[in-house]
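The values are calculated or read from the model by the stated rules, or taken from the named source; none is laboratory data. All figures in this text were calculated on a predicted structure; none of them were measured in a lab. Glycine gets a Cβ as well: all are built from the backbone with ideal geometry, and neighbour counts include every protein chain shown. For accessibility, only protein heavy atoms count, side chains too; no ligands or nucleic acids. Shrake-Rupley method; radii C 1.70, N 1.55, O 1.52, S 1.80 Å.
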Amino acid sequence: MSSDSILIKGRYRRGESKERHREFPNCLPDVRALPGQGDDPGAILREDGGIARVIRLNGFSVLLNKEAVDALKEFIEPLLRLTDLDLQFIVESRPLEVDKTLQGYRDLSYSKDLYLSWYMDYLFKYSQRVAEHRYVSRKDFYLVVSRDHGGQEALDNENDSFNQGLNAIFKRLQDHGLKPQLLSRSQLRRLIFNDLKLSLLYGSPEEPIEFDSPSTIADVDVAECCDYLELDGAFLSSLNFSDLPRAACPGWFTRLLMMPFSFTLSVHLSRAEIEGQVEITAFISTFADDKEAVGRQIHTIRERLEEKGAYLEVARESPFKTFTATLPLGVVQTGITHRMIYEDAVGWWPFFNMDCGAESGLPIGFTMGGELVFLNVSPEHNLLVVAGKKDRAFLNSALAMRYIGISEILYFDPDNDFKHFGAILGPDLVKEVDCDQSPSSPEFKKSTVDDGSSFIRLKSEKTTRAALKQVTDCVRELARNMDSSKRVVLMLNNLAPYLKSKPGREELMELINAARQKNFQVVAALDLEDLNASPRAYRTELLVLFGQRFAAPHKTADARQIDDIIFGGAQIHYAIAEANKSGRKKSSLRCVLDTGEGPGLLDVNLSPMDYWFYAQDRASEARRKKMLTDVKTKNSKLSETDAHRQTVYYLGLQHEGD
């Protein structure tokens, strides 16, 4: 037996009695091997000669108007007609608990300052309280491309129709901004492993897998009873779509995809014998720790689908065969098949994003479904903020107040967005470094010593290349004197001074690269007009440096520019147009965010206290001044810093959050 001939081993028993069981070498008799080395393109080789490869991809935004739906149909229908290969659409949803993901943010705190520690705790509890849902979405989209013949010979032949069809599909996905990734052998093994070893669902994705032979993916215990399986200590139920909606437009799965529990949706498509038609067989599976919970989840699934005119039924044959149809194998052994024309089949495209953001990190806002959104705080994921002056100040403040408890912040702030931060945080946490001084001067050397300040302003009154070079040198000097274990964020609150000339643009690239060398995360902000006015080649180079991108709502006329320039033509301008309808609120701003997994819409919220760090309008300034006077009158012994902190605290208690 070859070292690759066994995919899965386990103990299988039918019914409740443990005495009635049998040993077997392979739960999935159709699958023979995953040939190749760990980093080779992953492929599934079946006993009958069938072959399959798996592509991971992003989804489209669910904010679809008629124009967007029509554009989506123009993409999907030709994709379905592209080849004779069978397709399997898979959506895996594995939500995370809000409290656990928030705890990760809390654990990032390093500050020993009592005020910052208190503020971190305040933000943690605020995010906990206002989260509409107690979970954070975690969805993965896969497209399985398969054929029922060809075997290893077809996989190895680049000119075989299977590989040619796969390449055509991959290119079309790539051209439409869905960022396809062909899974490697090791990634494919892990994917199947996680689908079978449910007990490890919330384990680290980097956790090594120990196989007891080179080819075994999972040692699982499977019990089959009535309409459910007991698999690896969890109860799992799989259902087949028995009746379909009369008219299914792209996006009709949205309510289903927002369910707050784990499930897998699998849609198999193959070309029918009748020209112009396709056959569809669809399944959904869900699991939980006990049978009652699975029953409740199935009830919720049925309700949501029946609202759309779709009905489910328990497998007519083995529940295990139904479950197998939800695995990324391109295999269908059971189920009711539905025949339809290609125009109707486009409605079964299930890859849509209604969430955005990273799995954990910096809590920054909420999706339209009320789920908490996180930014990635890794130095490898710089963040670009594109917004007008007022919205830029809003976002800069929101980001600073969430970073400050977990990082030291160096900031270049020509627009004075952080006008009130110095007074509230105080001289122990905030200092200013005059970058216009000579680097050899005693004053400069003294100001760049690491004295524990959490908020360091890089001050420069000039915008010449020489002055901007001084800012770069200043960052290098500060970095040299800092403890290398500290997390540091460089905030460039307005890039406009750098973008006015070629020397300035070159110096900006030098500054960003210098920060990257020191393992700093860079958060940069600018206006769309300033970005658009830059040479195309430079603009492309700049955007490559920022793996995360924020865009606040601009006027509708700018929507397509934002889409094309910032998000690579990902059709997000429909979402931006929708965002513009919501209007501007004082303590909430609707934005588009892409952390690298595809853009989505969210509301960035300032907490009541965040708002009073930020607010600079005339009415707010008057309220702040009056409250500060009242605080000082009641307690004349307070320091200036404590008086400002109490002012923000009391104003926050009064704040209505409108």
*In what sequence, highest mean first, do 177-185, 278-286 appear when ranked by Cβ atoms within 10 angstrom?*
278-286, 177-185
*List the GluC sites (Glu not before Pro) within segment 444-547 that fall in a DSSP loop (any state other than H, G, I, E or B) and whose Cβ has at most 11 other Cβ atoms within 10 Å.*
Glu461
*Where in segment 89-122 are there trypsin sites (Lys or Arg not before Pro) that are in a DSSP coil and have at most 10 other Cβ atoms within 10 angstrom of their Cβ?*
Lys112
*Report, to the nearest whole %, how much of the accessible area of segment 280-396 belongs to carbon and sulfur atoms, 1.4 Å probe, protein only.*
44
_How large a share of the accessible area of segment 452-557, in percent, is made up of carbon and sulfur atoms when the probe is 1.4 Å and the other protein chains stay in place?_
45
*asked:* At 7 Å along Cα-to-Cβ for each site, give me the label-to-label distance between Thr463 and Lys291 in nm.
replied: 7.2
*Of the cross-linked pairs Lys125/Lys291; Lys179/Lys518; Lys389/Lys462; Lys100/Lys179; Lys390/Lys500; Lys446/Lys518, which ones have a Cα-Cα span greater than 23 Å in the structure shown?*
Lys125/Lys291; Lys179/Lys518; Lys100/Lys179
*Measuring from label point to label point, each 7 Å out along Cα→Cβ, what is the Arg94 to Asp473 span in nm?*
5.1
